[in-house]
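The values are calculated or read from the model by the stated rules, or taken from the named source; none is laboratory data. Nothing here was measured: the structure is a model prediction, and the numbers come from that model. Cβ placement follows ideal geometry from the backbone for every residue including glycine, while neighbour counts extend to all protein chains displayed. Just the protein is used for accessible areas: all its heavy atoms, side chains included, with ligands, DNA and RNA removed. Shrake-Rupley method; radii C 1.70, N 1.55, O 1.52, S 1.80 Å.
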Amino acid sequence: DWLAQGRGHLDGRTCALFHDDGVGQEQSPAYAAFTLEMLLIGFGAIGPDAPSPAARERLGRAATALNAFLDDGGHAPLIGDDDQSRVLLAHGSEEPRYAASICAAVAGFLQRPELAPAIRDPHWRDLVFAAPPPGPASSDGSTTFPQGGYTIRRGDIAGRRVHFTFDHGPLGFGALAAHGHADALSVWLSLDGRPVLVDAGTYLYHSEGENRRRFRVTAVHNTLTLSGASQSEPSGPFNWMPRRARARLEKGADSVPLNVSASHDGYQKRFGVTHRRDIAETAYGFDITDRLTGATPDGEVEIAFLLAPDLDVTAHGGRVTARRDGRAEITLAAPEGASVEIIRGDAISGRGFHSPGFGVLEEAATVLFRAPANAMRWRSSIALAPVT
């Protein structure tokens with residue numbers, strides 16, 4: 001009876017904690033991986049046939065979705081919270097490819113070797129779950145997860161291997177939306193398996209007070225902020241009340257070249273406007289057009305891009321170039337009429353910081369384009385530097 005009850009709870013949690021498309025309901029690849037590892041331990045304690053057919057299908061979809069978030073280096077972008085929790089811990093290892101290891105664990109547990117990622121680090125959980133050898137590289141193209149709310153473009157652009165992620169999903173899971181961030185319509189970019197446009201991260205949960213808020217609000221994410229307001233407003237370390245942005249995909253799912261549009265209503269109540277973002281793939285990268293529809297607001301908009309800490313960032317007029325080891329990676333072009341500012345390590349706003357792991361803080365460069373809000377439309381561009 002206890003085993004049957006336990007299996008029922010695990011089956012129910014598997015389907016409740018992951019959207020139908022496999023994306024984790026907490027809107028964080030790291031927490032999706034941690035949840036999968038806990039579920040596998042539970043099912044494994046009962047036996048390999050423990051998951052119901054519905055739970056087995058959802059586990060497979062979850063691994064497929066998690067694989068989609070992995071770039072060519074096997075790294076997932078730091079979306080939402082990540083406190084680096086692990087179930088099977090390897091002391092002395094931060095596991096930068098933790099999500100990839102969990103994909104392999106699911107592949108072994110379900111005996112579906114096609115779910116194993118192409119790149120992962122060895123770990124003793126490989127033995128626990130009979131993980132298969134690395135699988136083939138993920139297919140190029142564009143993939144949209146309609147319930148989880150992400151569109152991911154993988155492929156070659158301007159001679160570079162691109163992994164581009166666009167967020168048009170929910171804030172987070174359930175009444176608290178606890179581990180989500182106010183990052184609707186944000187973008188993340190990896191080139192040749194190395195991060196370029198990154199997330200501010202998590203840093204800490206409770207012990208830093210205001211820093212918990214700073215790392216979750218819209219201003220530190222790669223999206224548009226209107227008059228300094230966050231799309232969704234945190235009311236505690238793990239709460240979001242009373243204002244939450246609702247994002248929706250407008251058009252362009254799974255298109256190649258990428259041509260996708262999404263919107264959110266996080267500024268509707270306060271300013272009477274909806275923010276819409278259109279992303280169009282070009283021969284050299286991506287054009288990003290931000291629009292406000294509705295009332296004409298006062299104040300200004302800020303369009304932010306946070307660069308990886310190992311990039312050197314310089315501005316020349318309306319263009320900003322990011323270099324790694326002396327080689328150009330990308331050039332960001334500001335909208336017409338916008339001013340350009342590069343912010344590093346601003347403790348007041350939280351901009352110019354990147355937290356690659358829990359309790360770890362690194363200075364980075366936030367590129368900020370500022371413009372009057374009453375213009376209602378702005379186009380930025382990301383040009384990838386070709387390999388020479």
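Could you grab me the full set of residues in region 18-48 that are in a loop (DSSP other than H, G, I, E, B) and closer than 17 Å to A107 by Cβ? Write out each step before concluding.
So in region 18-48, the residues in a loop (DSSP other than H, G, I, E, B) come out as 19-23, 25-28, 47-48.
Listed by number, the residues that qualify are G22, P48.
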Residue pairs meeting the criteria (Cβ under 6 Å; at least 6 apart or on separate chains; first over 13 Å from T225 (Cα atoms), in region 287-302; second polar (S, T, N, Q) and part of a strand (DSSP E or B)): D287/S381; I288/S380; T293/T274; G294/T274
Could you tell me how many of the residues in region 49-72 are outside any helix (DSSP H, G or I) and under 27 Å from W188 (Cβ atoms)? 4
Would a scan of region 208-228 turn up a residue that is open to solvent by less than 50 Å² (accessible area, probe 1.4 Å), within 30 Å of S139 (Cα to Cα) and not β-branched (V, I, T)? yes
Kindly evaluate A50 against the criterion of being small (G, A, S), open to solvent by less than 10 Å² (accessible area, probe 1.4 Å), within 19 Å of G148 (Cα to Cα) and in contact (Cβ under 8 Å) with a residue 12 or more places away in the chain. no
Answer from G169, G108, G180, G155 - the residue that is assigned to a strand (DSSP E or B) and open to solvent by less than 20 Å² (accessible area, probe 1.4 Å): G155
Which condition number does I303 fail, the rest of (1) under 23 Å from F145 (Cβ atoms); (2) open to solvent by less than 10 Å² (accessible area, probe 1.4 Å) being met? (1)
Residues being farther than 15 Å from L17 by Cα and either of a type in the set (V, I, T) or over 12 Å from the mean Cα position of the chain (by Cα) (or both): count how many of those fall in region 159-175. 5
Restricting to region 59-105, name every residue that is open to solvent by less than 10 Å² (accessible area, probe 1.4 Å) and polar (S, T, N, Q). S101
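Conditions (1) at pLDDT below 95; (2) closer than 15 Å to R56 by Cα; (3) touching an Asp or Glu at 6+ places or on another chain (Cβ under 8 Å); (4) of a type in the set (A, V, I, L, M), marked per residue:
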| site | (1), (2), (3), (4) |
| --- | --- |
| A105 | no, yes, yes, yes |
| G108 | no, yes, yes, no |
| R112 | no, yes, no, no |
| A116 | no, no, no, yes |
| V128 | no, no, no, yes |
| P132 | no, no, no, no |
| S138 | yes, no, no, no |
Take A308 and decide whether it is free of Cβ contacts under 8 Å to residues at least 12 places away in the same chain and closer than 30 Å to Y205 by Cβ. no
Residue ID - surrounded by the fewest Cβ atoms within 10 Å (Cβ to Cβ), chosen from residues in region 335-388 that are of a type in the set (F, W, Y) and closer than 23 Å to P309 by Cα: F358
Regarding region 121-134, can at least one residue be identified that is β-branched (V, I, T), surrounded by fewer than 23 Cβ atoms within 10 Å (Cβ to Cβ) and touching a residue at least 60 places away in the same chain (Cβ under 8 Å)? yes
